[in-house]
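Chemist: The structure under discussion is supplied below as structure tokens; questions concerning it will follow.
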Amino acid sequence: MTLPTQVTLVEVGPRDGLQNEATPLTVQDKVNFIRALADTGLSYIEAGSFVSPKWVPQMAGSGAVLGAIERREDVTDAALTPNLRGFEDAINARVDEVAVFAAATESFSQKNINCSISESLKRFEPLMAAAKKAKIPVRGYVSCVLGCPYEGAVAPEQVASVAKALYEMGCREVSLGDTIGTGTPTATRELIEAVAAHIPREHIAGHFHDTYGQALANIYASLLEGVSVFDSSVAGLGGCPYAKGASGNVATEDVLYMLQGLGIETGVDLEAIIQVGNRISQRLRRPNSSRVAQAWPTKGHQ
Ligand code: HMG
Ligand code: MG
């Protein structure tokens, strides 16, 4: 299969990244961060999460953040919503799009959202109905698609059945999350083949954590399978509070560098995103995990 000519990057740094960072940020810090990301040319930003603050305290100010960011026609500002309550809070904060999240394994579902997979799908039904009424598009996530911290290996068919359920209940796109980053390229291709038996490839996205250093290889494998939407996190921020040891999402800068090398358009400015990644890493007092950002100054680009 030929590679796509264009890819959409879904920037999840302000959500998947910051939800697992220890240094607290103010609402204004987050607003500045999100708008700086939009200025790099990113068109889709997951800006927050309307979950229980007892479960994920880092996302507590999401309503204030989304309420305060200046809206741009060319940027979708999205948020995670686990239930109807979260959806209503998100709507009040004027989100453009929401995302529901299910897991491929029962153990992860219990640890992450305190219910079984089928209960979670049931919980999404009133949310989907409310979203349809409000004309808010919904994205779906499936976690643990290439491995589970509690159950180990995960069968592609197991993922495909949850992805299919999300798509059939109205999710416009389903993002396949390698939450613990254990996936490798052949497993990734087999997974996409299994999911693509139920969902058109243009409605499948890849969400790769880089814990085992496999994320770029898995993105390349996904590109070969015709996937053209990838979630990434500037500076490789984050991890997952319910998947111990999971490192952040693949760094946006690294994905962008690879895509540029492949001649694939994204509309995002590499130099600008490197600067945003450096600034947020300094603010969080952590090293920038992007390999491209680390290499950039030594190449005389800065
Ligand atoms: P629960 O305890 O089963 O639900 O939590 P509950 O309905 O009994 O509510 C418990 C408390 O939460 C109550 O408050 C509710 O009011 C409150 P209390 O009476 O104890 O004071 N509550 C809420 N508060 C704010 N916003 C809400 C909300 N709903 C209930 N929407 C629940 C169920 C889903 C809420 C909880 O388990 C939760 O918030 N989980 C969050 C998990 C999470 O955010 N995980 C990280 C994101 S997923 C991820 O990172 C993976 C992904 O990146 C893909 C990948 O990498 O694979 C997407
Ligand atoms: Mg994630």
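Nothing in this text is a laboratory measurement; each read-out follows from the coordinates by a stated rule. For clarity, every value in this text was computed on a predicted model and none was experimentally measured. Note that each Cβ is placed from the backbone with ideal geometry, even for glycine, and that neighbours are counted across all protein chains shown.
Chemist: Can you tell which of P287, A251, Q58 lies farthest toward the positive end of the dipole of the chain, using +1 and -1 charges on the Cβ of basic and acidic side chains (Lys, Arg; Asp, Glu)?
Modeler: Selected residue: Q58.
Chemist: Rounding to the nearest 20 debye, state how big the charge dipole of the chain is about its Cα centre with +1 on each Lys and Arg Cβ and -1 on each Asp and Glu Cβ.
Modeler: Details: 26 positive and 33 negative charges, 146 e Å.
Using only the charged Cβ atoms, the result is roughly 700 debye.
Chemist: Beyond a 23 Å Cα-Cα separation, which of these cross-linked pairs lie in this structure: K122/K164; K54/K133; K135/K164; K30/K54? Numbers along the way, then the final one.
Modeler: Working: K122/K164 14 Å; K54/K133 30 Å; K135/K164 21 Å; K30/K54 20 Å.
Violating the 23 Å limit, Cα to Cα: K54/K133.
Chemist: By count of other Cβ within 10 Å, fewest leading, how are C115, C144, C171 ordered? Could the numbers behind the result be given before it?
Modeler: On the way: C115 18, C144 30, C171 24.
Listing C115, C144, C171 from fewest to most nearby Cβ atoms yields C115, C171, C144.
Chemist: So, one more: Tabulate in residue order the Karplus-calculated ³J(HN,Hα) for the stretch 24-30, using 6.51 cos²θ - 1.76 cosθ + 1.60 with θ = phi - 60°, rounded to whole Hz; enter x for Gly and Pro.
Modeler: x, 10, 7, 4, 5, 4, 5
Chemist: Rounded to the nearest Å, what's the spacing between the alpha carbon centres of the stretch 124-155 and the stretch 1-52? Just the number, please.
Modeler: Spelled out, the Cα-based centre of one part sits 19 Å from the other.
Chemist: Among P156, P24, A197, which residue has its Cα positioned farthest towards the positive end of the charge dipole of the chain, with +1 placed on the Cβ of Lys and Arg, -1 on the Cβ of Asp and Glu, and the dipole taken about the Cα centre?
Modeler: So the residue furthest toward the plus end is P24.
Chemist: Right, next: In the stretch 173-302, what is the volume of the convex hull around the alpha carbon atoms, normalised per residue and reported in Å³?
Modeler: Numbers: hull volume 14.7 nm³, N = 130.
Hull volume normalised by residue count: 113 Å³.
Chemist: So, one more: Do the sum for the chain: with -39,500 (n - 2.57) for every DSSP H run of n ≥ 4, divided by all residues, what is the mean residue ellipticity at 222 nm, to the nearest 500 deg cm²/dmol? Walk me through the numbers on the way to the answer.
Modeler: Working: 11 runs with 118 residues, N = 302.
Per the formula, -11500 deg cm²/dmol.
Chemist: Please list, short to long, the whole-number percent of alpha-carbon pairs of the chain in consecutive 20 angstrom bins beginning at zero.
Modeler: Going from the shortest bin to the longest, the percentages are 37, 60, 3.
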